[in-house]
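The values are calculated or read from the model by the stated rules, or taken from the named source; none is laboratory data. From a predicted model like this one, the values you see are computed outputs, not experimental measurements. Quick reminder, even Gly has a Cβ in these numbers, built from the backbone with ideal geometry, and neighbours come from all protein chains shown. Accessible surface areas use protein heavy atoms only, side chains included; no ligands, DNA or RNA. Shrake-Rupley method; radii C 1.70, N 1.55, O 1.52, S 1.80 Å.
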Amino acid sequence: MPKRLDLKKILIIGSGPIIIGQACEFDYSGSQACKTLREEGYQVVLINSNPATIMTDPDMADKTYIEPIETDIIAQIIAKERPDALLPTLGGQTGLNAACALYKQGVLAKYNVELIGASYEAIQKTEDRMLFKEIMECIGVGVLASAHVSSIEAAEEFANKTGFPIIIRPSFTLGGAGGGVAYNLDELREITYNGLIQSPSSQVLIEESVIGWKEYELEVMRDIADNVVIVCSMENVDPMGVHTGDSITVAPIQTLSDLEYQEMRNEALKIIREIGVETGGSNIQFAVNPETGKRVVVEMNPRVSRSSALASKATGFAIAKIAAKLAVGYTLDELPNDITSKTPACFEPAIDYCVTKVPRWDFEKFSDADVRLTTQMKSVGEVMAIGRTFKESLQKALRSLEQGRFGWGADGHDHYCYDQLTQADAADVYKKEITHYLSTYCREDFLYSICAINRHVN
Amino acid sequence: MFNTSMTGYQEILTDPSYCGQILSMTYPLIGNYGVTDFDNESNTPHIEALLVHEYNNYYSNWRAEASLKQFLTHHHILGVDGIDTRALTRHIRSAGAMMSILSTNTDSLDKLLDKVQRVPKLVGSDLVKDVTCKQVYGYGTSGDHHVVAIDFGIKKSILAMLTAVGCRVTVVPANTKASEIMKLDPDGIFLSNGPGDPGAVPYAVAEVKKLMGRFPMFGICFGHQILGQAFGLKTYKLKFGHRGGNHPVKNIPTDHVEISVQNHGFCVELPSEPISKTNPLLAGLEITHINLNDNTLEGLVHRQQKCFSVQHHPEASPGPHDSRYLFQQFAELMQKNKG
């Protein structure tokens, strides 16, 4: 299909300030989108509250508004500019949230602005956790077992089915007060009891925990003709429980056999079709039990994400650029592959190297911060390195952190914090000197029990 | 030759289509997830040797039963790591797939060169006779459709896919006569994948010609090349073949792109107008699939003759499952034929 000619002016919402958890990757994707749409002959109107970005440079958009990313202000800009469409999927979560708010308030309908890339319904399906779970169950994709219970007996019954650990969240309490993780029956009874007392509705949500499971991500692209490709697969060295942004990540997936990978790929295709992301990139995360292979889908982002930026650089597949072209009506088989220029972009990159991403933390600048890594992202940046082996790419990445170190076991400055090592304790990436511990102490089982980082079996 | 798949080394090693070949994997890290019996595509590996950049003996996967090294040692297959597979791939891409020899003794390169030159060339060699079954056997006991599969080197996953769509399969050797096959009273005929030059098995083409039109017929890869020849189309050798799990193939009737699995060194020529004029059999033959990377032929259908075939591997294993609907299509064709 050729590009749409009914659209003339397209509004792009930038991602605003650079904060921990949302860094300059969205400036990269937003700038790519601006450039691409202008090349295609569309007028681009950009709003971003952050003037210190590439996308707000002169010449990136036809009109740039440096204003707060707030609905009433965007509404005023829409009233003035009267764009035909809004592309919300390239400005990170900020852009997506703003677009949803505008839709809900009826601003988009009032000025006849079309949401392109992802529809409001599709975005809602991924944002509402319970709705997402329901949809996944409908299409037969595994999700975490969960239940609302109002008695300790019901909680025990649930535990009998799923096993431990179990996460307990009291309903309707502020900040999850009274919740926790139970690793055995006694803890389950205690936490559930406390939770039931604290919850105004005398109800707690209990959920199977995937802490310690293997964590995988797929970058998926879909076009208007329903062609779908997996651009890149990624495996986190750190298991579930550590935020992806704080994990050492490797592309492609290293420890899944073809059958397991293809089953995951099939599910990703099903998910993107069922959620109804019409065009562009999505990121889908899976957790896999390392002992049984049980797989569940954790979440889906119907937009260009931090991982998309990594996947783009890792494979040479320009996700943001192609997402922008798909949003205006092109199909994947019409667009050329940037690397070969002879073959179409409708393919799945096969790489002959290994890519490793290592996060960079700056805890020394935040003296009060809790240095343990949890489900909330704490890194302030990341480096990516390419190598023909995992070792090569990992060591290159570690050197590139610019912390004056030259890789694990490579510069004589390795230090031993054996006693303090926990899964959460990785404020300094060099504390993850797993290989060193292995060769020094050979206490692999002990290491695995505390960090759950993948081990070999034989 | 080289394969660009990033997963699935075990399925590739045990695929009979790789008979007689030295395989180099372009993905550099091989062995990470070990091996497991379930993933075998046949009872034994068929490659001559495996070349990898870095072999990992410390596998990590809950299904793994042994390391790749143990598996290769058990089957007496040579595996070599530390090879610059990228340089090798680039060489093959520019010079084409070639005869090769592996040796631990490099004192006399001339002797080795002489040895490899005396090995029969791929073009014109019938490798099917090495991998086809010796006797007729059944696969699956129940099933609405009785399929006779002509075994040119069939993969287990193909048999599994056929049974999954309600077929009971009788597998017969490649040199089985059409009259013998008719005696088995099939609802449909399946032409399997297989190794080597499809031009070297005229005996199979002749028998398939006799069966064409009488029974619904479905061919995959080598089977597609046999069917193409039965229609009078020629096959030719590709420079370095298609081997990998990421080739875009366009389904022409639906205008949809499938990410396909490829493993072929030979290809069927596109039925062009001058060829069609001189060959009445080609009337009614439609192109259903085309490779978007190099526009080579990927799929054919002839509705009157009740047969269709694809060059890529819908059973995947290893690779994406995008084209698995073709097995259902075969079942539907047999159902329709029964009336």
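Take the conditions over 23 Å from the mean Cα position of the chain (by Cα) and either within 20 Å of A:Ile116 (Cα to Cα) or outside the structural domain of A:Ala324 (by TED's automatic domain parsing) (or both) and apply them to A:Ile20. Does it pass? The answer is no for A:Ile20.
Can you tell me which of B:Thr132, B:Thr176 is under 30 Å from B:Lys239 (Cβ atoms), open to solvent by less than 90 Å² (accessible area, probe 1.4 Å) and among the polar types (S, T, N, Q)?
Result of the check over B:Thr132, B:Thr176: B:Thr132.
Report whether or not A:Glu364 is out of contact with any Ser or Thr (no Cβ under 7 Å at 6 or more places or on another chain), crowded, with 16+ Cβ neighbours inside 10 Å, more than 24 Å from B:Asn3 (Cβ to Cβ) and not assigned by TED's automatic domain parsing to the domain that holds A:Ala85. Criteria not met by A:Glu364.
Residue-wise test of (1) closer than 30 Å to B:Ala164 by Cβ; (2) outside the structural domain of B:Ala200 (by TED's automatic domain parsing); (3) assigned to a loop (DSSP other than H, G, I, E, B).
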site	(1), (2), (3)
B:Ala87	no, yes, no
B:Ala97	no, yes, yes
B:Leu112	no, yes, no
B:Val123	no, yes, yes
B:Thr141	yes, no, yes
B:Val148	yes, no, no
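Restricting B:Val148, B:Val119 to residues that are aliphatic (A, V, I, L, M) and surrounded by 15 or more Cβ atoms within 10 Å (Cβ to Cβ) narrows the list to B:Val148. If you go through segment A:131-151 and keep only what is of a type in the set (A, V, I, L, M, F, W, C) and either exposed (fewer than 15 other Cβ atoms within 10 Å of the Cβ) or at pLDDT below 90 (or both), you end up with A:Leu131, A:Cys138, A:Ile139, A:Leu144, A:Ala145, A:Ala147, A:Val149.
Restricting to segment A:328-341, what's the tally of residues that are assigned to a loop (DSSP other than H, G, I, E, B) and either among the aliphatic types (A, V, I, L, M) or more than 26 Å from A:Gly387 (Cα to Cα) (or both)?
Of the residues in segment A:328-341, 6 are assigned to a loop (DSSP other than H, G, I, E, B) and either among the aliphatic types (A, V, I, L, M) or more than 26 Å from A:Gly387 (Cα to Cα) (or both).
Looking across segment B:213-245 at every residue that is of a type in the set (Lys, Arg) and surrounded by fewer than 22 Cβ atoms within 10 Å (Cβ to Cβ), the one that is nearest to B:His289 (Cα to Cα) is identified as B:Lys234. Just wondering, is there one or more residues in segment A:292-307 that are facing another protein chain (nearest Cβ under 10 Å), open to solvent by 10 Å² or more (accessible area, probe 1.4 Å) and in contact with a Lys or Arg (Cβ under 6 Å, 6 or more places away or on another chain)? So far as segment A:292-307 goes, no, none of its residues is facing another protein chain (nearest Cβ under 10 Å), open to solvent by 10 Å² or more (accessible area, probe 1.4 Å) and in contact with a Lys or Arg (Cβ under 6 Å, 6 or more places away or on another chain).
Scan segment A:280-291 for residues that are open to solvent by 10 Å² or more (accessible area, probe 1.4 Å) and away from chain B (no Cβ under 14 Å) and the total you get is 1. Looking across B:Thr14, B:Thr36, B:Thr4, one residue alone is within 9 Å of chain A (Cβ to nearest Cβ), open to solvent by less than 20 Å² (accessible area, probe 1.4 Å) and either among the aromatic types (Phe, Trp, Tyr) or in contact (Cβ under 8 Å) with a residue 12 or more places away in the chain (or both). It is B:Thr36.
Do we find that A:Glu267 is assigned to a helix (DSSP H, G or I), surrounded by fewer than 23 Cβ atoms within 10 Å (Cβ to Cβ), within 14 Å of another protein chain (Cβ to nearest Cβ) and not small (Gly, Ala, Ser) in this structure? Yes; evaluated as a whole, the condition is true for this residue.
The residue of segment B:290-339 that is most open to solvent (accessible area, probe 1.4 Å), among those that are small (Gly, Ala, Ser) and more than 11 Å from every other protein chain (Cβ to nearest Cβ), is B:Gly339. If the condition is being more than 14 Å from every other protein chain (Cβ to nearest Cβ) and assigned to a loop (DSSP other than H, G, I, E, B), then segment B:39-59 contributes B:Ser42, B:Asn43, B:Thr44, B:Pro45, B:His46, B:Ile47, B:Glu48.
Across segment B:275-289, the qualifying residues are those that are in contact (Cβ under 8 Å) with a residue 40 or more places away in the chain and more than 14 Å from chain A (Cβ to nearest Cβ), and the one among them that is surrounded by the most Cβ atoms within 10 Å (Cβ to Cβ) is B:Leu285. Residues in segment A:86-110 that are of a type in the set (Gly, Ala, Ser) and under 20 Å from A:Asp27 (Cα atoms): 5 in all. Taking segment B:198-304 as the region of interest, the helices (runs of 4 or more DSSP H) fully inside it that hold 1 or more residues being in contact with a strand residue (DSSP E or B) (Cβ under 9 Å, 6 or more places away or on another chain) and among the polar types (S, T, N, Q) are B:222-230, B:273-278.
Checked against the criterion of being assigned by TED's automatic domain parsing to the domain that holds A:Pro170 and either surrounded by fewer than 24 Cβ atoms within 10 Å (Cβ to Cβ) or of a type in the set (Asp, Glu) (or both), the candidates A:Pro239, A:Pro200 yield just one match: A:Pro200. Could you tell me whether A:Leu259 is within 14 Å of chain B (Cβ to nearest Cβ), aliphatic (A, V, I, L, M), farther than 24 Å from A:Ala345 by Cβ and in contact with a Phe, Trp or Tyr (Cβ under 9 Å, 6 or more places away or on another chain)? Criteria met by A:Leu259.
Listed by first and then second residue, the pairs linking a residue in segment A:107-131 that is closer than 20 Å to A:Arg273 by Cβ to a residue that is open to solvent by 80 Å² or more (accessible area, probe 1.4 Å) and at pLDDT 90 or above, with Cβ atoms under 7 Å apart and 6 or more places separating them unless they lie on different chains, are A:Leu115/A:Tyr103; A:Tyr120/A:Tyr103. Against the test of being part of a helix (DSSP H, G or I) and within 14 Å of chain B (Cβ to nearest Cβ), the options A:Lys391, A:Lys313, A:Lys325, A:Lys321 yield a single qualifying residue, A:Lys391.
Determine the pairs where a residue that is more than 17 Å from A:Ser146 (Cβ to Cβ), located within segment A:292-307, has a partner that is basic (Lys, Arg) and surrounded by fewer than 23 Cβ atoms within 10 Å (Cβ to Cβ) with Cβ atoms under 9 Å apart, the partner being 6 or more residues away or on another chain. Pairs found: A:Gly293/B:Arg63; A:Met300/A:Lys125; A:Pro302/A:Lys125.
All conditions but one from (1) surrounded by fewer than 24 Cβ atoms within 10 Å (Cβ to Cβ); (2) within 14 Å of chain A (Cβ to nearest Cβ) apply to B:Pro248; the one that does not is (1). Checked against the criteria, B:Glu41 does not count as under 23 Å from A:Phe390 (Cα atoms), among the charged types (D, E, K, R) and crowded, with 17+ Cβ neighbours inside 10 Å. Residue count for segment B:43-59 satisfying the condition of being aromatic (Phe, Trp, Tyr) and more than 26 Å from the chain's Cα centre (by Cα): 2.
From the list A:Thr249, A:Thr340, which one is farther than 13 Å from A:Ile230 by Cα and within 14 Å of chain B (Cβ to nearest Cβ)?
After applying the criteria, what remains is A:Thr340.
For segment B:17-33, the set of residues classified as part of a strand (DSSP E or B) and at the interface with another protein chain (Cβ under 8 Å from one of its Cβ atoms) consists of B:Leu29 only.
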